[in-house]
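Novice: Sharing a structure below in structure tokens format, with a few things to ask.
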Amino acid sequence: MAENKSVGAKTSDLTAYRKKRKQKQFYKKLVIASAALIVIVVIAANFSSIIEPLRGIASRIETKTSEDVGFPIKLPGSASYSFDSFGDNFLLLTDTYLYIFGIDGGQNYALRHGYSNPNRCSNTKRILLYDKDYGNFSLYSRSSVIYSADVEEKIVFASLSSNETAAIVTNSDRYSNIIYIYDGNGEWKYTRKFLDENVMNVEFSGDERYIYVSVIGVENGDIYSAVYKYDIFTESEAIWSYKLSRPSIPVKMSVGGGKVRMVYDNFAVSLSESSGEAAGEKEFQGTVMCCDFSSSRTGIICLDSATNKKVLTILDNDMKSISAKAVSPNINRVIAEGDNMYIVESGIIYGFNSQAEVIAEKALKEDYVSFIKIGSSVLLLGYDSVDKEEL
């Protein structure tokens, strides 16, 4: 009997040991699975900041033409220059290179693009470079080539969303214009063809589901302008349309905050993003020379036909005039930032509030062709250099 009890005890101990071992293995797997789940949740919540630096890493651009840092930056030889802000950096496009500079004046990279007629559009994170009148285009980040692609037709112009969806506008023998939509990986997503109307502007909704297209056409011998809204997830016709039966040429469009703001060469209108109904408009007795949008204001430089003088007009999001101010005839650019406007006039940088009152002023050393603003820094494009001033 004693021997049988001993065997039974050993069997019981072994069973208990196996149970404890299985429990430990279970808890170990549970801890590992929980840790993996936490990692997945963290990655999902911070996908853009974690994955973004890895995109295009195989195509990272390491080339530079200069290691110098600081201003002025001597311009390379080129038939023309395109100059704009790029997040906290700025870009300079020449007929040979695409340069990205930091706000300190140092080169991030210099890319020899190989395009015959280079043009670009950009947002704070991406540059879409395209070969106008040819079929090639590429998307770039601050450090890399993300993709390169091409279309069969000739590119007329292109547009970029606030993220990385691209609209490529082409012409062909059969259609006046065709719009192709590509995602951030260079994959085709949507096509819209225009038989008789000429596409002038394409802008995206904030969620990149819709495009807003301005066109001009001829009906019964009369010129008209129109704005259409399309859903790029379907092949259906326009969700809504707005038609302007007057000889007005679209200049620039902005979409955001529930509004579609459209500036023409002699007229401006604010439309509802959802319905296309007009919320307000402004007519100009003259020709709009340039304009810019912020989230709350529209700044327009117009050559007034009555006085033959240029006027800066500041409007709200419903295109209602807030203020106006005469400016010098050499003004060719206005920058809208918040409620304020900035111009370079007669060798001085001016900042104006909504009432056209001076809030900032800085004298310049020489004349400049164009300017951009990044924070408190103003970058100035001269005839042979780029310089910087602080406001």
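The values are calculated or read from the model by the stated rules, or taken from the named source; none is laboratory data. Only a predicted model underlies this, so the values are computations on that prediction, with no experimental measurement involved. Note: ideal-geometry Cβ built from the backbone for every residue, glycine included; neighbour counts use all protein chains shown. Areas reflect the complete protein model, heavy atoms only, side chains present, ligands, DNA and RNA absent. Shrake-Rupley method; radii C 1.70, N 1.55, O 1.52, S 1.80 Å.
Novice: Only residues that are among the hydrophobic types (A, V, I, L, M, F, W, C), surrounded by 16 or more Cβ atoms within 10 Å (Cβ to Cβ) and in a loop (DSSP other than H, G, I, E, B): list them for region 72-99, please.
Specialist: Pass one, region 72-99, residues among the hydrophobic types (A, V, I, L, M, F, W, C): 73, 75, 79, 83, 86, 90-93, 98.
This time we only want the ones that are surrounded by 16 or more Cβ atoms within 10 Å (Cβ to Cβ), so: 73, 75, 83, 86, 90-93, 98.
The answer is Leu75, and nothing else.
Novice: Determine whether Val344 is at pLDDT 95 or above and over 16 Å from Ser296 (Cα atoms).
Specialist: yes
Novice: Right, another one. Of the residues Ser236, Ser272, Ser245, which single one is modelled with pLDDT of 95 or more and among the small types (Gly, Ala, Ser)? Quick ask: steps written out before the conclusion?
Specialist: Details: Ser236 fails: modelled with pLDDT of 95 or more; Ser245 fails: modelled with pLDDT of 95 or more.
Only one candidate qualifies: Ser272.
Novice: Mind counting the residues in region 227-248 that are over 14 Å from Ser275 (Cα atoms) and buried (at least 16 other Cβ atoms within 10 Å of the Cβ)? Working first, answer last.
Specialist: Start the filter on region 227-248 by keeping residues that are over 14 Å from Ser275 (Cα atoms), which leaves 232-237, 244-248.
Imposing the further condition that a residue be buried (at least 16 other Cβ atoms within 10 Å of the Cβ) reduces the set to 232, 244, 248.
Total meeting the criteria: 3.
Novice: Out of curiosity, is Glu153 among the charged types (D, E, K, R), touching a Lys or Arg at 6+ places or on another chain (Cβ under 6 Å) and modelled with pLDDT of 95 or more? It would help to see each step written out before you state the result.
Specialist: Working: among the charged types (D, E, K, R): yes; touching a Lys or Arg at 6+ places or on another chain (Cβ under 6 Å): no; modelled with pLDDT of 95 or more: yes.
So Glu153 fails the test.
Novice: I would also like to ask the following. Any chance you could count how many residues in region 201-213 are surrounded by fewer than 17 Cβ atoms within 10 Å (Cβ to Cβ) and without any contact (Cβ under 8 Å) to a residue 40 or more places away in the chain?
Specialist: Keep residues of region 201-213 that are surrounded by fewer than 17 Cβ atoms within 10 Å (Cβ to Cβ), which gives 206-207, 209.
Filter once more, keeping what is without any contact (Cβ under 8 Å) to a residue 40 or more places away in the chain: 207, 209.
So the count comes out to 2.
Novice: Then there is this: Answer yes if at least one residue in region 144-162 is aromatic (Phe, Trp, Tyr) and open to solvent by less than 10 Å² (accessible area, probe 1.4 Å), and no otherwise. Give the steps one after another, and end with the answer.
Specialist: Here is the first cut: in region 144-162, the residues aromatic (Phe, Trp, Tyr) are 147, 157.
Of the ones still in play, those that are also open to solvent by less than 10 Å² (accessible area, probe 1.4 Å) are none.
Among the residues of region 144-162, not one is aromatic (Phe, Trp, Tyr) and open to solvent by less than 10 Å² (accessible area, probe 1.4 Å), which makes the answer no.
Novice: Just to check your reading of the model, which residue among Ile223, Ile178, Ile216 is of a type outside the set (Lys, Arg) and open to solvent by less than 10 Å² (accessible area, probe 1.4 Å)?
Specialist: Within the list Ile223, Ile178, Ile216, the selection yields Ile178.
Novice: Looking for something under 26 Å from Glu337 (Cβ atoms), small (Gly, Ala, Ser), surrounded by fewer than 19 Cβ atoms within 10 Å (Cβ to Cβ) and free of Cβ contacts under 8 Å to residues at least 40 places away in the same chain - is there at least one such residue anywhere in region 257-267?
Specialist: At the first step, the residues of region 257-267 found to be under 26 Å from Glu337 (Cβ atoms) are 257-267.
Checking the rest, the ones that are also small (Gly, Ala, Ser) come to 257-258.
If we keep only those that are surrounded by fewer than 19 Cβ atoms within 10 Å (Cβ to Cβ) as well, we get 257-258.
After this cut, where a residue has to be free of Cβ contacts under 8 Å to residues at least 40 places away in the same chain as well, the list is 258.
The answer is yes; a qualifying residue exists.
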